[in-house]
2 protein chains.
Amino acid sequence: MPELRKDYVTDTWVVFSTWRSQRPVETKRQPSRPTTSSSCPFCPGNEQMTPPEIMAYRSDGEDNGLGWWVRCIPNKYPALTIDGEVKRTISQLLHSVNGVGAHEVIIETPNHSGSLPSLDEKQIYEFISAYRDRYVDLTRDARFKYILIFKNQGPEAGASLSHPHSQLIATPIIPRRIMDELREARNFYEKTGGSCIYDEIVEDEIEASERVVMETEDFLVLCPYASRFPFEVWILPKKHEVHFEEMSSDDRTALAKVMKDSFSRLDGLLNDPPFNYYIHTAPCDRKDHRYYHWHIEITPRLSKTAGFERGTGLYINPVPPEDAARLLREAPKGSAG
Amino acid sequence: MPELRKDYVTDTWVVFSTWRSQRPVETKRQPSRPTTSSSCPFCPGNEQMTPPEIMAYRSDGEDNGLGWWVRCIPNKYPALTIDGEVKRTISQLLHSVNGVGAHEVIIETPNHSGSLPSLDEKQIYEFISAYRDRYVDLTRDARFKYILIFKNQGPEAGASLSHPHSQLIATPIIPRRIMDELREARNFYEKTGGSCIYDEIVEDEIEASERVVMETEDFLVLCPYASRFPFEVWILPKKHEVHFEEMSSDDRTALAKVMKDSFSRLDGLLNDPPFNYYIHTAPCDRKDHRYYHWHIEITPRLSKTAGFERGTGLYINPVPPEDAARLLREAPKGSAG
């Protein structure tokens, strides 16, 4: 079983998961853009190459057969394992939790080369709905404190397979970046007698306008003031929403539109850049997090972090967010794929 | 001037430094291992290709000429700039500090291919002494709160030039990873009535022995319990030492021996792996940090961090430190170069 361990001194946690090193890796990027690949476990017709599906959107046809448009499977090389109870062990300076959790893959489209900007809004709506369905199902498991939905695009961003897919990891602890956001958002809420710091960001950034990429009735897309990475982009709901999974069908339609637009701009400007994105939402620990505000962070992988960043946690970024936002506002909209 | 900015919500700082993107990059690794390269600005004979030196170890010869065995120069594309006063600006959620600091390069050897395991202990002693000399000189500048000495080896680790060199960045803030260590070390000191948490790590890990790579009279080399990265290695002084720069000449001789041994093992096992290392020492802010304990952290770059790590700050590591330490104990000692 995998194991989570805390650093002797700081609140830095690590998941030890040895079988992860056995993952298959596509050695070369395919120069052409086929719509299916016979060797791809995520392509239609190859359903038997994956573990049995957890869920699929399919109008007819059998489980683990053809006919799906979004499909969710367990990760074959999971970072955490679904069976067992959560046990903490503390002995002097050594603090561990056994690696109970969930690790799933959400195949976003049957199209092997269906990159995000090339998908129609309906298909994006569909995989966002799958994010929500899987999220809601896993929140019923009281062993899990946090669920991160994320995507790695391109080998430079850590993706081992190119077929469009997202992932979800449920953890038995609340990870530190989430803890940091929760703590500071709660402090702000208490200090201001009930204001949300993310509402304040939305309001201030719309007023300042120089870091805004686009704005719709429901969402604000911006390059954050202290962007850690070149062309980092955040998508924030404009109204105060604590939980990602509580979005209505209309909200998901609006988000699909904004995601297609944002990734089309990144693609048009940076030509199919490798990137990661992830959804930050309130923990699923059944506590009251009314001061929090879910959002999406998109971080292209254009530069390498080095010893300075590893040693300090302080990032060096050559592209000011004001420049990044202006370029993204003016960008032609690409549709790689 | 560069600028440091704090994230709206969390204590994450970013240095914005636009000219960094103009750095020259060696596009290919040289397959052979020449001792000098005519195009390398760090090679003897090419001293005019760098900014004027800040310091050099040279028995005779002119400044910025031949005859040196360690040479220190300003970074041509600095992340921070040496002139000006430190000014903080706080406006609603936007918090910035102007980018005053120092960014220097320490050329470790005149030999273009003199990788760390191939250098003799005397030469390693020399560049460690240069680390100390530059460190002590910069601590006189009251604008600087922290000085990080670090090394990037290999393009995967963020090195843009292959000639062996380290770097030093002095910052007007204490970075967050250092703050985290200081805070927890102080908590431990207060809770235990005066014990150092790093002394405790040394004692416990020697007793447990399974994560120890090697031990000398003065230093312990280990793979830490919650290693974030495969084959992460720490070098800790066994006696309680707060400040790296207070090492005696004998201490530096002992450290040179331990560094040669450690990097020879990493090289013998992993065949010239890309890596970062950095020295964590107490801040140079003239405060009492008696609870702290300097050390070196070495992090090979064998895996990529992806969306999960970026989104959570929680690391996934496929290699348990007990396995890494055993393999490093048994490793043949390489000497790439």
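A short reminder: the numbers here are calculations on the coordinates, not readings from a lab. None of the values given here were measured: they were computed from a predicted structure. We place every Cβ from the backbone using ideal geometry, glycine too, and count neighbours over all the protein chains shown.
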**Prompt:** Which of the lysines could be linked to residue A:333 by a straight reach, that is with a Cα gap under 20 Å, when you skip same-chain ones fewer than 8 residues away?
**Reply:** A:122, A:257, A:260
**Message:** Apply the Karplus curve 6.51 cos²θ - 1.76 cosθ + 1.60, θ = phi - 60°, to the phi angles in the range B:69-74 and return the couplings in whole Hz, x for Gly and Pro.
**Reply:** 10, 9, 9, 10, 9, x
**Request:** Pick out, from A:185, A:335, B:125, the residue whose Cα sits farthest towards the positive end of the charge dipole of the protein assembly as shown, with +1 on the Cβ of Lys and Arg and -1 on the Cβ of Asp and Glu.
**Result:** A:335
**Prompt:** Quick one: Cα centre-to-centre distance for the range B:270-284 and the range A:251-302, in angstrom?
**Reply:** 33
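Taking a temperature of 4 °C and a viscosity of 1.567 mPa s, what whole-number D in µm²/s does Stokes-Einstein yield for the protein assembly as shown with Rh from Kirkwood over alpha carbon pairs? Intermediate values should be presented prior to the final figure.
On the way: Rh = 26.4 Å.
Reported coefficient: 49 µm²/s.
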**Message:** Quick check for me: using +1 on Lys/Arg Cβ and -1 on Asp/Glu Cβ, what's the dipole size of the range A:177-330 about its Cα centre, in debye to the nearest 20?
**Reply:** 580
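Could you list the GluC sites (Glu not before Pro) in the range B:37-96 that lie in coil according to DSSP, counting only those with at most 14 other Cβ atoms within 10 Å of their Cβ?
Working: sites: B:47, B:53, B:62, B:85; in loops: B:53, B:62, B:85.
Answer in residue order: B:62, B:85.
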**Prompt:** If the cut-off is a Cα-Cα distance under 14 Å, which aspartates and glutamates reach residue B:191, setting aside same-chain residues fewer than 8 apart in sequence?
**Reply:** B:200
**Complete:** Lone Cys, chain B, Cβ cut-off 4.7 Å -> B:72, B:196, B:223, B:284
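What does the charge count near residue A:144 come to, summing +1 for each Lys or Arg and -1 for each Asp or Glu among other residues with Cβ under 14 Å from its Cβ?
Details: positive: A:134, A:140, A:143, A:145, A:286, A:287; negative: A:83, A:85, A:104, A:137, A:141, A:245, A:285.
Within the 14 Å Cβ shell, the charges total -1.
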**Residue-wise HN-Hα coupling along the range A:300-312, computed from phi with Karplus coefficients 6.51, -1.76, 1.60 (Hz; x: Gly, Pro)** = x, 10, 9, 10, 9, 7, 10, x, 5, 5, 5, x, 10
**Complete:** With Rg from the Cα atoms and Rh as the Kirkwood inverse mean 1/r over Cα pairs, chain A has an Rg/Rh of 0.95
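D for the range A:177-330, whole µm²/s, Stokes-Einstein with Kirkwood Rh over alpha-carbon pairs at 37 °C and 0.692 mPa s: what number?
Values: Rh = 16.4 Å.
Reported coefficient: 200 µm²/s.
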**Request:** Set Lys and Arg Cβ to +1 and Asp and Glu Cβ to -1, take the dipole of the protein assembly as shown about its Cα centre, and tell me which of A:42, A:318, A:173 lies farthest positive.
**Result:** A:42
**Prompt:** Which of the listed residues, B:98, B:77, A:161, is farthest toward the dipole's positive end in the protein assembly as shown, when Lys, Arg count +1 and Asp, Glu count -1 at the beta-carbon?
**Reply:** A:161
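Give me a single rounded figure for B:296-308: the average over its residues of other chain Cβ atoms within 10 Å of their Cβ.
Details: counts 0, 3, 1, 3, 0, 5, 1, 3, 8, 6, 13, 20, 14.
Shielding by partners across B:296-308 averages 6.
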**Prompt:** Average partner chain C-beta neighbours within 10 Å, per residue of A:148-156?
**Reply:** 3
**Message:** As an exercise, use a Förster radius of 30 Å and the Cβ-Cβ distance of residue B:142 and residue B:36 to find the FRET efficiency, rounded to the nearest 0.05.
**Reply:** 0.15
**Message:** Please compare each pair in A:239/B:145; B:76/B:239; B:151/B:238 to a cut-off of 30 Å on the Cα-Cα distance and tell me which ones are over it.
**Reply:** A:239/B:145; B:76/B:239
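Can you tell me the order of B:253-265, B:192-204 when each peptide is scored by its average per-residue count of other Cβ atoms within 10 angstrom, highest first? Can you show the working numbers first?
On the way: B:253-265: 21.2, B:192-204: 17.0.
So the peptides B:253-265, B:192-204, ranked by packing, come out B:253-265, B:192-204.
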**Request:** With +1 on each Lys and Arg Cβ and -1 on each Asp and Glu Cβ, and nothing else charged, work out how big the dipole of the protein assembly as shown is about its Cα centre, in Debye to the nearest 20.
**Result:** 680
**Item:** Calculated from backbone phi, Karplus (6.51, -1.76, 1.60) coupling profile of the range B:3-9 in Hz, x at Gly/Pro
**Value:** 9, 9, 10, 9, 3, 3, 10
**Request:** Enumerate by residue number the trypsin sites (Lys or Arg not before Pro) in the range B:54-121 meeting two conditions: DSSP loop (anything except H, G, I, E, B), and at most 16 other Cβ atoms within 10 Å of the site's Cβ.
**Result:** B:76, B:87
**Request:** Evaluate the distance, in nm, between pseudo-label points positioned 7 Å from the Cα of residue A:88 and of residue A:191 along their respective Cα→Cβ axes.
**Result:** 2.8
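Please report the net charge: other residues with Cβ closer than 11 Å to the Cβ of residue B:278, K and R +1, D and E -1. It would help to have the intermediate numbers written out before the result.
Values: positive: A:310, B:151, B:177; negative: A:309, B:297.
Charge balance near residue B:278 sits at +1.
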**Item:** Placed amide H near residue A:98: partners under 5 Å, 5+ positions off or other chain
**Value:** A:4, A:87
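Charges only on Cβ, +1 for Lys and Arg, -1 for Asp and Glu: so what's the dipole of the range A:3-176 about the Cα centre, in debye to the nearest 20?
Details: 20 positive and 20 negative charges, 125 e Å.
Value, rounded to 20: 600 debye.
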